[in-house]
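Structure first, commentary second.
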Amino acid sequence: MIQFDRVHLRYDSGISLRDLNFRVDPNEFIYLFGPSGSGKSSILRLIYMELFPNAGEVNVFNINSIRARRQDIAKVRQNIGMVFQVSRLLPDRDVYANIALPLELLGFPSKEVRQKVTHIADELNIRSRLNHYPHELSGGEERRLSLARASINLPDILLVDEPTAHLDEISKKSVMEAICRIHDRGTSVIFATHDDSLLRQHNARVLTLDSGTIIEDRIV
């Protein structure tokens, strides 16, 4: 489903990733673990085809980063949910409208949109907040809203970038439970974090990064 083959990525400030080789199979749960600046976010952005490698190849759903056209990138993103470090929620729309947006853009009928939004809001425990705006939510609720919007269309892959950063322990637990529920329904999860306490909360594969290189690939 995802294949990195001898991938190198360089920013103007220096090398971000070097000689990455790994694959992700359907329904895997993978932690990208390492300190800030180790390359975790860059890997997610390469999968999302927001970045492209300077050398090597990234293949996602059999679409190759070297030959990808604009319509190919759009096709990749239709099957990927992405939760960024910095919230990309729409501040002038309530929780319902934020969750519904991907379905509306795809032309789903309003009745089906309501059913899907209500279902996932129940699943992620934010149904009582559907009429609220993002600024009225707690940190944990805001992250669960981001997860709901990213997974409303049942993507094959969910990418999450430090989703529990700056949350208290109760909020961390609720966000982790939400991510695990999404994984349990068949979505592959790639979860970037520097928090080693999270690695003990879900059986998963861990790719440990240091200075843009994978130094360990293990199961916890």
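The values are calculated or read from the model by the stated rules, or taken from the named source; none is laboratory data. No experiment lies behind these values; they were computed from the predicted model shown. Here Cβ is always computed from backbone atoms with ideal geometry, including for glycine, and neighbour counts include all displayed protein chains. Protein only, heavy atoms only, side chains kept; ligands, DNA and RNA dropped before computing areas. Shrake-Rupley method; radii C 1.70, N 1.55, O 1.52, S 1.80 Å.
Applying the criterion of being part of a loop (DSSP other than H, G, I, E, B) and open to solvent by 50 Å² or more (accessible area, probe 1.4 Å) to the residues of the range 115-145, the residue that is farthest from L103 (Cα to Cα) is S138.
The lone criterion from (1) surrounded by 19 or more Cβ atoms within 10 Å (Cβ to Cβ); (2) assigned to a helix (DSSP H, G or I) left unmet by C180 is number (1).
Looking at A165, is it touching a residue at least 24 places away in the same chain (Cβ under 8 Å) and not in a helix (DSSP H, G or I)? When the stated conditions are applied, A165 passes them.
Per-residue answers, yes or no, for (1) more than 28 Å from S174 (Cβ to Cβ); (2) buried (at least 17 other Cβ atoms within 10 Å of the Cβ); (3) modelled with pLDDT under 95:
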{"site": "A55", "(1), (2), (3)": "yes, no, no"}
{"site": "V60", "(1), (2), (3)": "yes, yes, no"}
{"site": "K75", "(1), (2), (3)": "yes, no, yes"}
{"site": "N98", "(1), (2), (3)": "no, yes, no"}
{"site": "L105", "(1), (2), (3)": "no, no, yes"}
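For the condition over 18 Å from P155 (Cβ atoms) and either open to solvent by less than 70 Å² (accessible area, probe 1.4 Å) or in contact with a Lys or Arg (Cβ under 9 Å, 6 or more places away or on another chain) (or both), Y31 qualifies. Evaluated against (1) over 19 Å from V189 (Cβ atoms); (2) open to solvent by less than 80 Å² (accessible area, probe 1.4 Å); (3) touching a residue at least 40 places away in the same chain (Cβ under 8 Å), G39 falls short on exactly one condition, (1). Checking each residue in the range 50-92 for being under 30 Å from H132 (Cβ atoms) and among the charged types (D, E, K, R) picks out E50, R77, R88, D92.
For G107, indicate whether it is outside any helix (DSSP H, G or I), within 25 Å of R185 (Cβ to Cβ) and over 18 Å from the mean Cα position of the chain (by Cα). Yes; evaluated as a whole, the condition is true for this residue.
Residues that are polar (S, T, N, Q), surrounded by 21 or more Cβ atoms within 10 Å (Cβ to Cβ) and at pLDDT 90 or above: does the range 149-166 have at least one? Yes, the conditions are met somewhere in the range 149-166.
Looking across the range 206-220, the residues that are out of contact with any His (no Cβ under 9 Å at 6 or more places or on another chain) and open to solvent by 30 Å² or more (accessible area, probe 1.4 Å) come down to D210, S211, T213, I214, I215, E216, D217, R218, I219.
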